[in-house]
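Take a look at the structure below.
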Amino acid sequence: MNLKEKLMSELKDSMKQGNKSKVSVIRLLLSSIKNKEIDKMGELSDGDMMTILSQAAKIRREAIEGFEKGNRDDLVKKEKEELEIIGTYLPVQISEERLREIVKEVILEVSATSAKDIGKVMKALMPKIRGQADGKVVNKIVQQALENQQ
């Protein structure tokens, strides 16, 4: 069962259970997947669907940050609930320790020597950890690793 089929199944179950927030989130995810399929004019791979889910999670994290600054606890709660639902479909997040190891490996692979090579490192790294780590955190770790090399 691919991710899209799993989402469809979960949507039916959530509708039967009357879980309105889960129904809403899953519909939004399925809509995003469908729009991407229309753009691509074909079926998406699970990797492409994971990218869509990762983007949806990132949007929620950024919204939570903004709502916290604006003292909107009601919206923070709603966004956290949605993020939790999306998180159930994402792969388990890599620990920071493991992420640092992967970053070191990739730096060696691409022969990066300075902060100028951050783009090269990120380009090689992101497909390996798709959906398993937040891009901001990855970028920060890559920058630190490249600065420590100098």
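The values are calculated or read from the model by the stated rules, or taken from the named source; none is laboratory data. Bear in mind the structure is a predicted one, so any value in this text is a computation, not a measurement. Ideal geometry is used to build each Cβ from the backbone, glycine not excepted, and the neighbour counts take in all protein chains shown.
Of all residues assigned to segment 114-136, at least one qualifies as being surrounded by 14 or more Cβ atoms within 10 Å (Cβ to Cβ), touching a Pro at 6+ places or on another chain (Cβ under 8 Å), under 23 Å from Leu7 (Cβ atoms) and among the polar types (S, T, N, Q). For beta carbons closer than 7 Å, sequence separation of 6+ or different chains, a first residue in segment 87-109 that is in the same structural domain as Lys136 (by TED's automatic domain parsing) and under 18 Å from Lys123 (Cβ atoms) and a second that is among the small types (Gly, Ala, Ser) and in a helix (DSSP H, G or I), the qualifying pairs are Val103/Ala145; Lys104/Ala145; Val106/Ala124; Ile107/Ala145; Glu109/Ala124.
When you check Ile118 against the structure, is it under 13 Å from Val142 (Cα atoms) and in contact (Cβ under 8 Å) with a residue 24 or more places away in the chain, yes or no? For Ile118, the condition - under 13 Å from Val142 (Cα atoms) and in contact (Cβ under 8 Å) with a residue 24 or more places away in the chain - is met.
Quick check: anything in segment 56-63 farther than 17 Å from Ala133 by Cα, out of contact with any strand residue (DSSP E or B) (no Cβ under 9 Å at 6 or more places or on another chain) and not assigned by TED's automatic domain parsing to the domain that holds Ile129?
Within segment 56-63 (the criterion being farther than 17 Å from Ala133 by Cα, out of contact with any strand residue (DSSP E or B) (no Cβ under 9 Å at 6 or more places or on another chain) and not assigned by TED's automatic domain parsing to the domain that holds Ile129), the answer is yes, since at least one residue qualifies.
Filtering segment 17-35 to residues that are closer than 12 Å to Ala56 by Cα and hydroxyl-bearing (Ser, Thr, Tyr) leaves Ser31, Ser32. When restricted to residues that are within 19 Å of Ala57 (Cβ to Cβ) and basic (Lys, Arg), segment 2-16 contains 2. Here Asp117 fits the description: acidic (Asp, Glu), at pLDDT below 90, farther than 30 Å from Lys22 by Cβ and outside the structural domain of Asn19 (by TED's automatic domain parsing). Selection of first residues in segment 67-79 that are surrounded by 13 or more Cβ atoms within 10 Å (Cβ to Cβ) and of second residues that are of a type in the set (D, E, K, R), restricted to Cβ pairs under 7 Å at least 6 apart or on distinct chains, gives the following pairs, ordered by first then second residue: Phe67/Glu79; Val76/Glu68; Glu79/Arg60. Would you check which residues across segment 1-25 are within 22 Å of the chain's Cα centre (by Cα) and over 15 Å from Glu81 (Cβ atoms) and list them? Hits for segment 1-25 are Met1, Asn2, Leu3, Lys4, Glu5, Lys6, Leu7, Met8, Ser9, Glu10, Leu11.
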